[in-house]
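Here the structure is laid out as structure tokens; the discussion comes afterwards.
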Amino acid sequence: MLTEQTIPTPIAPQLRLTPAADLFAQRGRRLRQLAATHTLGPWLSWFAELCAAQQLAFERQAGSRSDDANGETTPSAPPSIPPARIAEIRSRLIPFLPTQAPPGVTRYPRFAIDITPSELTARLERNRLIARGEAIGAGRELEDLLIAASMQVAWSVDARQTATSNASAANAATCPHCGSVAVGSIILAGEGRAGLRYQECCLCATRWNSVRARCTLCDSGSVVQYLSLEGEYPAVAAETCDQCHAYTKLFFQSRDIQVDPTADDLATLALDVLVGEQGYARAAPNLLLCEGEAA
Ligand SMILES: [Zn+2]
Ligand SMILES: [Zn+2]
């Protein structure tokens, strides 16, 4: 399977890029870097610690699942992850969670290792709806975020271990691996891939190729505009659409090679405020956001 480091030619871009083996470690490093100079530094640092815990769980899952990954092409149906695996990953995250609550959270729950099956199922299903763009994140609690972090681990392991066809991956509205929507798009830099646009799945972090200057939400090509926070975050822009009056964010590697859609999205909530004031609605879910941060 090709990884994002081995795109063969700019003429025929890889339609799908599987998540990197150190996906969560990279994201955690990026969050730590962003936190160093950010007014929301302690809040971003909390997520950096969560990502470090996700990386440990990811490596354990990847190791334990390597035997049952057979590399066969699977049908196009989204993968099904047993709730028991989410519960197991969740229990592995808990000992490594930051001891301090994220700033702004007044009640920091003492997470029990075990969760009842019915609570797990309910929170899991709600996260799935948010990841598919079928529900908004209002009213989420830290437990929902912990389940979402566990789901990201499970689905990204699955995305790495399941060889699937690239057919119809390009310009898809949803992730060709798991059917979720994108957290945003990354514009790659580097020889042979400079300028290529990939949407990144908010759940499994699979990236799929999309054309530039086109609204990924409604497929409109002529009405997108770009808004950014002048001078503050040059690597991030909001792509707004006057057809569907919504926006998603673009993350430019050429302006900052370490940009990470999930991490940099959290660091640029001020851009969401700016774009919201212009009348555009946020369309991309970030599973690490609870209620209110982007309001
Ligand atoms: Zn996905
Ligand atoms: Zn649109």
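The values are calculated or read from the model by the stated rules, or taken from the named source; none is laboratory data. Bear in mind the structure is a predicted one, so any value in this text is a computation, not a measurement. Using ideal geometry, Cβ is built from the backbone for each residue, glycine included, and neighbour counts are taken over all protein chains shown. With ligands, DNA and RNA removed, areas are computed over all heavy atoms of the protein, side chains included. Shrake-Rupley method; radii C 1.70, N 1.55, O 1.52, S 1.80 Å.
Take each complete run of DSSP H in the chain, measure how far its Cα atoms stretch along the helix's own axis, and keep only those covering 24 Å or more with mean Kyte-Doolittle hydropathy at least 0.0; list them.
Numbers: long enough: 41-65 (35 Å, -0.15); 142-161 (29 Å, 0.44).
Result, helices passing both filters: 142-161.
If you take the beta carbon distance between residue 94 and residue 191 as r and set R0 to 45 Å, what does 1/(1 + (r/R0)^6) give as a FRET efficiency, to the nearest 0.05?
On the way: r = 43 Å, r/R0 = 0.94.
Taking R0 as 45 Å, the efficiency between residue 94 and residue 191 is 0.60.
State to the nearest 20 debye the size of the charge dipole of the chain about its Cα centre, where the only charges are +1 on K and R beta carbons and -1 on D and E beta carbons. Kindly include the intermediate steps, with their values, before the conclusion.
Working: 26 positive and 31 negative charges, 62 e Å.
For the chain, the charge dipole is close to 300 debye.
Give me the 1.4 Å probe accessible area per residue for the chain, excluding ligands and nucleic acids, in Å².
Normalised by residue count, the accessible surface of the chain is 45 Å².
Using only Cα atoms, locate the centre of the stretch 234-295 and the centre of the stretch 89-114, then give the distance between them in Å, rounded to an integer.
So the two Cα centres are separated by 26 Å.
Multiplying the sequence separation of residue 113 and residue 278 by 0.36 nm and subtracting their Cα-Cα distance, what value in nm do you get?
Details: separation 165, 0.36 × 165 = 59.40 nm, distance 4.39 nm.
Difference between extended and current length: 55.0 nm.
Arranged from highest to lowest average of other beta-carbon atoms within 10 Å per residue, in what order do the peptides 97-106, 126-135, 144-153 appear? Can you show the working numbers first?
Details: 97-106: 12.9, 126-135: 18.3, 144-153: 25.2.
Top of the packing list down: 144-153, 126-135, 97-106.
Have a look at 64, 156, 185 and tell me which one the Gaussian network model of the chain (Cα, springs below 10 Å) gives the largest fluctuation.
Answer for the Gaussian network model of the chain: 64.
Tally Lys/Arg at +1 and Asp/Glu at -1 over every other residue whose Cβ is under 14 Å from the Cβ of residue 55; what's the total?
Net charge around residue 55: +3.
Per Stokes-Einstein, at 20 °C and 1.002 mPa s, what whole-number D in µm² s⁻¹ belongs to the stretch 14-161, with the Kirkwood radius over Cα pairs as the hydrodynamic radius?
Working: Rh = 16.4 Å.
Here the translational diffusion coefficient equals 131 µm²/s.
In 5 Å bins starting at zero, report the fraction of Cα pairs in the stretch 182-282 per bin as a rounded %.
3, 14, 24, 27, 21, 10, 1, 0
What accessible area, in Å² to the nearest ten, does a 1.4 Å probe give for residue 239?
That residue has around 10 Å² of solvent-accessible surface.
Rank 280, 247, 108 by mean-square fluctuation in a GNM of the chain with C-alpha springs under 10 angstrom and give only the top-ranked residue.
Taking springs between Cα atoms under 10 Å, the residue moving most is 108.
Where Rh denotes the Kirkwood radius from the mean inverse Cα pair distance, what is Rg over Rh for the chain?
Numbers: Rg = 18.1 Å, Rh = 19.3 Å.
In the chain, Rg relative to Rh is 0.94.
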